[in-house]
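Following: one structure in structure tokens, then a few remarks.
The values are calculated or read from the model by the stated rules, or taken from the named source; none is laboratory data. Since we're looking at a predicted model, the values are computed, not measured. For neighbour counting, all protein chains shown are included, and Cβ atoms are generated from backbone atoms with ideal geometry for every residue, glycine included.
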Amino acid sequence: MTINNMNTEYSGKNYIITGGTSGIGRCICLELSYLGANVALIARNQERLRQTYEKMSAGNHAAISFDVNDISGISGIIDNVYVQYGTIDGFVHCVGSGEASRLSRLSYDKLHAAMLSGYYAFVEFVRCVAGKRNKAAPLRIVSISSAASVTHAKHLTAYAAAKSALEAATRTLSAEFISKKVTVNAVRPAYVRTARLATVNELTGDIEEHLKRTGFQPQGLIEPEDAAKLAIYLLGDAAKSITGMVFSINGGAQC
């Protein structure tokens, strides 16, 4: 289902999306393609890249198999994307960062992995994308955070830390770009119906039933399409005066 009456705004524009093969990231890629945009989708899994690519509407898209944990390789990826498109209109970082884990099973390696993909990679992508941009044209940057950054959800120590760092970067980078036609914002969804919930289900049982029973998120799980549409709004011209903000999609949760 597409956003009505926005095709002209996004048509022909070029966007980079990390984590574009599942959940919110996949929905963003599909929706942007329906709106006539060109999308460079970046993810590790080649088969899922192919599956997402084949469902996208026709356009000058690029399916790029790349592990965002390879921080030193990000600049080369962005160089190649700029060669293909010439200019980039927006970037969305939608990478899951950190598995659910009890403290007894948490390690430095797990903490580092969460920060690597969820925070360090975001900052490096922004540095590279913004560094090569057409400085006369606007650039919209959006990250996908999580309500875990501001709640007391147990077992999400690594994940919540990475998302908190992501939100901090959203604020500080927005200040750095304030006079440069670059906006930086974040979307902060509560629990979303994605494959990532499998690790949470292992620890809590059926998470949707738990959310409703406890009243934490009374509307139940959020559909990934809803979060995707807010991210796409922030990529558009209507959001040109919004920067340094974090927008919650809460499903009724108090966060």
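Quick look at the numbers
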read-out: Scope the stretch 230-239; condition hydrophobic (A, V, I, L, M, F, W, C) and assigned to a loop (DSSP other than H, G, I, E, B); matching residues; value: L235
read-out: Those residues of the stretch 240-255 which are β-branched (V, I, T) and assigned to a strand (DSSP E or B), in sequence order; value: V246, I249
read-out: Candidates H112, H155 - the one that is over 27 Å from A62 (Cα atoms), surrounded by 20 or more Cβ atoms within 10 Å (Cβ to Cβ) and at pLDDT below 95; value: H155
read-out: Test result for G36, touching a residue at least 24 places away in the same chain (Cβ under 8 Å) and not basic (K, R); value: yes
read-out: Test: residue in the stretch 7-23 that is modelled with pLDDT under 95, surrounded by fewer than 23 Cβ atoms within 10 Å (Cβ to Cβ), in a helix (DSSP H, G or I) and in contact with an Asp or Glu (Cβ under 7 Å, 6 or more places away or on another chain); value: yes
read-out: Filter result for V187 (hydrophobic (A, V, I, L, M, F, W, C) and at pLDDT below 75); value: no
read-out: Number of positions in the stretch 87-135 that are among the hydrophobic types (A, V, I, L, M, F, W, C) and farther than 23 Å from A37 by Cβ; value: 9
read-out: Evaluation of G215 against (1) at positive phi; (2) surrounded by fewer than 20 Cβ atoms within 10 Å (Cβ to Cβ); (3) in contact (Cβ under 8 Å) with a residue 24 or more places away in the chain; (4) not acidic (D, E) (one fails), failing number; value: (3)
read-out: Any hit, the stretch 170-179, residues being modelled with pLDDT of 95 or more, touching a Leu at 6+ places or on another chain (Cβ under 6 Å) and basic (K, R); value: no
read-out: Residue match in the stretch 128-144 (condition: in contact with a Pro (Cβ under 9 Å, 6 or more places away or on another chain) and either of a type in the set (K, R) or not in a helix (DSSP H, G or I) (or both)); value: yes
